[in-house]
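Please treat every number below as a calculation from the coordinates, not as lab data. Keep in mind that what you see is a predicted model, and the values were worked out from it rather than measured. Because the Cβ atoms are built from the backbone with ideal geometry, glycine has one as well, and the counts that use them run over all protein chains shown.
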Amino acid sequence: MVSGQAKRRDGANWKVNTMEDVNCIFCDDAKSELYKEENGYRAVRCSRCELVWVTPRPSIDEMKKLYEGQETQIDLSGHLLERDLKSIQAKKCLQLISKYISEGRLLEVGSAAGYFLWEAKKSGFDVQGIDITHQFVEYSRNVLQIPTFEGILRDVPFEDNSFDAVYMRNVLSHLAYPLEEFAIMHRLLRPGGFVIMETGNLAELPADPDVYLELPDHLYHFSEKTIDLLLRKTGFTPVRTHRFTLLSRLAPFAWIERQFAKKVAQSREPKPMWAIPTKLPPSKWHKQIISHLAQFVRYDLGRILPKKGTRATLVIVGKKENS
C-alpha cells in the first residue's frame, strides 16, 4: 500500500492517506496495460480478459468519504431532489424486471435515496435497501420509510436465502471486491432468485479521450463478456442481456454532450453544506415530461438503435438455480 495525493473534480488536491494495489480479479497477475489516466489515477486493462480497473486505488474508508461528497463535488442534494426523474426511471426499470419477477422480497444494493425501492414497494415488492452513504440512508429511512442498511454487503445482517431478487443500477463499477460481493448476493438469494443489474459497456471499447471514466468513483469497468464470467464464477447462471445504445454517444449528440460537459466543468464551484430534506420534494409537471422523454430515448429508442461498437447500457439478468 502507498499513500499520496489525487486530483479532485474541481482540480484541487485531495490527500489520500491509504492506497492499495489491485490485480485483475479474474486473472490475478496477468499482464495489464494502461487504459486511461484521469484525476491522478490510472485505469488499466487486463491483456487476457479485458477487464478495466483502477490501480492503485483509495481504501474503503477513503472511498466512503468520496461517496459522501466530503472530498469531491458529488451533488448529493441534487440527487435527493430528483424525485420525478428517479421515480419515472424506476417505473421503467420495474417494467423490465417484471418479465422475470413481479413480487417477493427485493434487495437493492446501492439504493441511494431510495426512489427505486419506493416505486417497487408501491408495485407490491417487500423491499430492503443497502447504501454506504449516510445522507442517502437517512433520507430513505425517514422520508420514504424504506428500510435501509448503512454499510457494505460483507456487513449485512440478513439471513441466507431470504431474498427473491437483488437489483443494482450503476453500482457494479463501484464494488470494491466484486467476486466476494456477488458470492454474498448469491448466498442471500433463495434458489430460483434473480440478480438484475444495469451498467455500462466501456470495457468493450477502446479508450476515448472524450469519455470521462469518473476515476476513482468507478473502480471497475466491465464488458458483457466479463460480467458473464463474474456471474458464472459466483454461482449464477446468466439468463439474458438487454442492450440499449446510448443515443447521446452517437454523433452529433456526442459532440453536443462534450461541449455541455466542458461548460459545466468550467463553471463548477464548491457546493455549500446542506441539510437532508425532511419531506418528499413536490412533483412538477415539466420535470415529469422531461423525465418521460429521457427514459424513452434511453430505453425505447436505445433498444432499436445500432448496437455494434457503441456505448450502451447493459441490463443483465442472472439466476441462482434450484439446488
Given labels modelled 7 Å from the Cα in the Cβ direction, how far is it in nm from Lys307 to Glu103?
3.2
Can you give the Rg/Rh ratio of segment 274-323, where Rg is from the C-alpha atoms and Rh is the Kirkwood radius?
1.20
Taking His186, His218 and counting other beta carbon atoms within 10 angstrom, the fewest-first order is His186, His218
How do Phe182, Phe26, Phe296 line up, fewest other C-beta atoms within 10 Å first?
Phe296, Phe26, Phe182
Extension gain from Asn161 to Glu33, taking 0.36 nm per residue of separation minus the Cα-Cα distance
42.1 nm
Work out from phi, with θ = phi - 60° and the Karplus expression 6.51 cos²θ - 1.76 cosθ + 1.60, the ³J(HN,Hα) of each residue of segment 286-298, listed in order in whole Hz, and give x for Gly and Pro.
5, 6, 5, 4, 4, 5, 4, 5, 4, 6, 5, 5, 5
Cross-link pairs beyond the 22 Å C-alpha cut-off, checked among Lys91/Lys287; Lys99/Lys121; Lys86/Lys122; Lys86/Lys320:
Lys86/Lys320
Cα-Cα separations in segment 105-160 greater than 19 Å, expressed as whole percent
19
Ranked list, fewest to most other Cβ atoms within 10 Å of each Cβ, for Asp29, Asp160, Asp84:
Asp29, Asp160, Asp84
In whole Hz, the Karplus estimates of ³J(HN,Hα) for segment 164-172 (6.51, -1.76, 1.60; θ = phi - 60°; x where Gly or Pro) are 9, 7, 10, 10, 9, 10, 6, 10, 3
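Please report, in cubic angstrom per residue, the volume enclosed by the convex hull of the alpha-carbon atoms of segment 40-197. Walk me through the intermediate numbers first.
Numbers: hull volume 20.6 nm³, N = 158.
Spread over its residues, the Cα hull of segment 40-197 gives 131 Å³ apiece.
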